[in-house]
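To start, the structure under review is shown below, and the notes come after it.
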Amino acid sequence: MAKKQFKAESRRLLDLMVNSIYTHHEIFLREIVSNASDACDKLCYKALTDDSVGLGRKDFKIEIKADKDACLLTVSDNGIGMDKEDLENNLGVIASSGSFQFKQELGDDAKDSDVIGQFGVGFYSAFMVSDHITVVTKKYGSDTAYMWQSSGADGYTVTECEKESVGTDVIMHIRPDTDDEKFSEFLEGWRLQELVRKYSDYIRFPIRMEVSKTRKKEGSPDDKPEYETYSEVETLNSMVPIWQRQKSKVKKEEYDKFYRDKFSDYAEPQRVIAVSAEGAVTYKALLFVPSQQPFNYYSKDFEAGLQLYSSGVLIMDKCADLLPEYFRFVRGVVDSPDLSLNISRELLQHDRQLKVIAANLDKKIRADLSKMMKDEPEEYSKFWKNFGRQLKYGVVSEFGAHKEDLQDLLLFYSSTEKKPVSLADYVSRMKEGQESIYYAAGETVETVDRLPQLEALKDAGTEVLYFTEDVDEFTAQALTTYREKKFLSALSGDAAPAGEGEKKPEESGESEYKSVFDFVKETLGDQVKEVKASKILKSHPVCLTAGPGLSFEMEKYFAVVQPDQKLKADRILELNTSHPAFSALEKAVSGDPEKAKKYASLLYDQALLIAGLPLDDPSGYTDLVCELLV
Ligand code: ADP
């Protein structure tokens, strides 16, 4: 019998499919199983109005059979089946399928890209793993069965054949192994089981396969057991996805187990967020906040995204577009019947429905976190330890576009509360006359706590937020204000204790000691921008402040990430004019200028040390200290 040719465009796609170097060949099973499930759905639907079908929902099934000797993999269903015309129309053309249109848009580029397999490619994907396919099918209501056969691009034949029951068998002759690819794996029970669990776990009909198992031989002694293998037909898929069930009907243990199995985490999730939406887009989502930070979270190996399903069939394993960057730690699944299987990763990005879902999920996650912050502060601080940094990045990124959404989820360590607090709490405790939110940046809570610059604020009982992560100051900068209160660095030299802002008690000192400051400035030259009397020091002799713009912590940060730029914060040397060290300096300036120069550079180096900045000449500094000792 003469072979019929595939329509031209189908041939092109087939060609692409077979010759593609794409490595995700495994998705063919998902496609074939989805077709079988659709066929069952169709007949099941018919049965609702047509008693003669004689089948109920629970009678439908999909069977997988692997014959290793003959290299045949068969997927059978008892669904609607196809007649001759259906075979011609459905398996002879693929021009109308979404995947093909996408391929056309890409043109010849598609050959090199790995687009195939990232979306529903339908029946033809079976040619990626098989060199010959036979479809034996009988349509519901028809007496004749047909056999469709094809070895790929050179066409297909359709002949009449025998088949007792209604439904379809797709019989794939699996390709021989090559150096690069072990196609024979697709005949292994464990592999097929794995693929069904991965891609088709929530198909609503049972997917059955004979599975080989081991058991203790009957009668063999317990101390010397003998084993035998036997086989048993098993349902491989779990069928009802946990996210389709009502939250109130699912036990916590069930969610925990699902999460652990699905996302390979040994710890249970900290939060479970179940979403059921109907309206513009209908979908169900089940989201999890991990209770620990994944070990590779801040590395490029960590792949963010939610699993995306269309009516229980996996479309994409990690759909990053469903989550904003700042919630990339969230794991979970989204299932919407409104999404088509035949949608590519590239097209998904522009999908309007997907955008609606993503925006809703963003809101739900924020609401859940803010509820946790309010109702379970202990839990929230655990969460914060894991992922707080990510939320701060979220405030800073995209020029602060999301700051309003995130600002109320932030926590910073408080000098008075001795624990991380929210900005709302800080503002509610602000003192009469306090205009700004004070913060001080440094390496750790302990180092910040010892900073001489904070002495006056602390004595006045003013609350200061300690910024101990490199992103903190950038976060404050991105926010600029919170509830109209400005952020002010307690290390900037402008930060007088609340209510004392206008007094500037040492103001008069500046002119009185002008000659001393001028002398020190001249000695230190360009190393410092300014030398002045401190308003913030009490018992300590000296400190550095940075003035507006770049802070010292930012300077340290940039020294690591952009070392070539040599970005430097302005160094303002502040001297405590009521400290005995200052009196000694003053005396030397008028009596022994050489000694005064040494004092000046010594004080400067000490200020650098307190700020945690590197000394230009550490051994020179040591020599100087020792010289002054003797
Ligand atoms: P899609 O499923 O995206 O429409 P496919 O290439 O996978 O594209 O399948 C083409 C058509 O062939 C299906 O729409 C369906 O009508 C028919 N078909 C495929 N497999 C089966 C099956 N097992 N039973 C009945 N019809 C099938």
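The values are calculated or read from the model by the stated rules, or taken from the named source; none is laboratory data. These numbers come from a predicted model, not from an experiment. Cβ: placed from backbone, ideal geometry, glycine included. Neighbour counts: every protein chain shown. Please note that ligands, DNA and RNA were not included when accessible areas were found on the heavy atoms of the full protein model with its side chains. Shrake-Rupley method; radii C 1.70, N 1.55, O 1.52, S 1.80 Å.
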- Are any residues in segment 20-71 open to solvent by less than 20 Å² (accessible area, probe 1.4 Å), aromatic (Phe, Trp, Tyr) and assigned to a helix (DSSP H, G or I), and if so, which ones? PHE28
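Residue by residue, here is whether (1) within 10 Å of the ligand (Cβ to nearest atom); (2) modelled with pLDDT under 95; (3) closer than 27 Å to GLU185 by Cβ holds:
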{"residue": "LYS65", "(1), (2), (3)": "no, no, yes"}
{"residue": "LEU72", "(1), (2), (3)": "no, no, yes"}
{"residue": "ASP77", "(1), (2), (3)": "yes, no, yes"}
{"residue": "GLU105", "(1), (2), (3)": "no, yes, no"}
{"residue": "PHE123", "(1), (2), (3)": "yes, yes, yes"}
- Message: Can you tell me how many residues within segment 194-215 are of a type in the set (D, E, K, R) and open to solvent by 80 Å² or more (accessible area, probe 1.4 Å)?
- Response: 6
- Quickly run through segment 154-184 and pick out the residues that are within 16 Å of the ligand (Cβ to nearest atom), surrounded by 19 or more Cβ atoms within 10 Å (Cβ to Cβ) and assigned to a loop (DSSP other than H, G, I, E, B). VAL166
- Item | Listing of strands (runs of 3 or more DSSP E) fully contained in segment 507-615 that carry 2 or more residues being loosely packed, with under 15 Cβ neighbours inside 10 Å and in contact with a Lys or Arg (Cβ under 7 Å, 6 or more places away or on another chain) | none
- Item | Considering residues of segment 450-495 that are among the acidic types (Asp, Glu) and within 25 Å of ASP408 (Cα to Cα) only, the residue surrounded by the fewest Cβ atoms within 10 Å (Cβ to Cβ) | GLU484
- How about segment 386-416: which of its residues are touching a residue at least 60 places away in the same chain (Cβ under 8 Å) and among the charged types (D, E, K, R)? ARG389, LYS392, LYS403
- With ALA280, ALA285 as the choices, which residue is touching a residue at least 60 places away in the same chain (Cβ under 8 Å) and open to solvent by less than 20 Å² (accessible area, probe 1.4 Å)? ALA285
